Each structure stands twice: as C-alpha cells, then as structure tokens.
Amino acid sequence: MKKLASLGAGLLLLLSTSVFAEENNAASALEHANAAVTHGKAGHTPLLIEHAKAALEDALAASIVTKGVTKNHLDAGAKELQEAIDHGTMGHVGVATTHAEAAVEHIKAGNK
C-alpha cells in the first residue's frame with residue numbers, strides 16, 4: 001500500500017511540475033515576444049532576433065506539455081516568431097515586428 005501511495009504522490013508531483021513548467025515557459029515566451037516587438041519598433045533588428053529566438057524556445061517548450069486551444073495558439077505563436085526571426089535576419093525589421101506582434105497576440109490568447 002505504501003508503494004502505491006508513493007507512486008501516486010510521485011505521479012502527481014510530475015504532473016504538477018509539467019503544468020508549472022508550461023506556465024513559466026508561456027510567461028517567458030510572452031515576455032520575450034513583447035521585448036522583440038519593442039526592439040523592432042525601435043529598429044533594433046539584432047535585439048528583435050535575439051528575443052524572438054528566446055520566445056520561440058519558450059513557446060515550443062510550453063507547447064509540448066499543453067493540449068487543445070492553448071497548444072494551437074502556442075504553435076501559431078511559434079510560427080509567427082519563426083517568421084519574425086527569418087524576416088529580421090533578412091533585414092526586414094518592419095515585417096519582422098509585425099510577425100512578433102502577431103506572436104504576442106497568439107501567446108496571450110493561449111495564456112487565457
């Protein structure tokens with residue numbers, strides 16, 4: 001009986017850890033995506049790219065442990081972040097900023 005209780009407690013801990021990880025990653029993704037937008041509007045393309053990459057990593061990490069509508073928004077946000085990175089790399093700061101803004105909206109929608 002103690003083994004079963006220990007197994008149950010361990011399973012609950014594991015599940016709660018993944019939920020907190022998703023929330024932390026999604027919050028971090030939103031923070032970095034907002035920073036990418038801010039730097040894009042200021043014309044700082046290298047910083048936009050840097051924050052978009054960090055946001056992309058966090059959005060993908062959060063997407064792994066989510067389901068449903070939240071996952072769809074995080075995946076869409078990740079796609080927009082990749083577009084922001086690609087356009088930023090080509091020097092298209094305006095287009096990159098627009099994609100970063102779209103990513104922010106998706107990540108916000110996924111955090112509701």
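The values are calculated or read from the model by the stated rules, or taken from the named source; none is laboratory data. Small disclaimer: the values here were computed from a predicted structure and weren't measured. Using ideal geometry, Cβ is built from the backbone for each residue, glycine included, and neighbour counts are taken over all protein chains shown.
Hey, could you check the stretch 35-54 for residues that are of a type in the set (A, V, I, L, M) and not in a loop (DSSP other than H, G, I, E, B) and say which is farthest from GLU80 (Cα to Cα)?
Among them, the one singled out is LEU47.
Mind listing just one residue for me: the one in the stretch 66-99 that is more than 12 Å from the chain's Cα centre (by Cα) and among the β-branched types (Val, Ile, Thr) and, of those, modelled with the lowest pLDDT? Walk me through it before giving the result.
Just the residues of the stretch 66-99 that are more than 12 Å from the chain's Cα centre (by Cα), to begin with: 67-69, 83-99.
Add one more test, that the residue is among the β-branched types (Val, Ile, Thr), and what stays is 69, 85, 89, 93, 95, 97-98.
Details: VAL69: 94, ILE85: 98, THR89: 98, VAL93: 97, VAL95: 98, THR97: 98, THR98: 98.
The qualifying residue modelled with the lowest pLDDT is VAL69.
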### Message
Could you check the stretch 65-75 and list, in sequence order, the residues that are in a helix (DSSP H, G or I) and either in contact (Cβ under 8 Å) with a residue 40 or more places away in the chain or within 16 Å of ALA102 (Cα to Cα) (or both)?
### Response
VAL69, THR70, LYS71, ASN72, HIS73, LEU74, ASP75
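Residues in the stretch 79-97 that are surrounded by fewer than 17 Cβ atoms within 10 Å (Cβ to Cβ) and either assigned to a helix (DSSP H, G or I) or among the aromatic types (Phe, Trp, Tyr) (or both): how many? Can you show your working first?
Let us first name the residues in the stretch 79-97 that are surrounded by fewer than 17 Cβ atoms within 10 Å (Cβ to Cβ), namely 79, 86, 89-92, 94-95.
Filter once more, so that each one left must be either assigned to a helix (DSSP H, G or I) or among the aromatic types (Phe, Trp, Tyr) (or both): 79, 86, 89, 94-95.
Total satisfying the criteria: 5.
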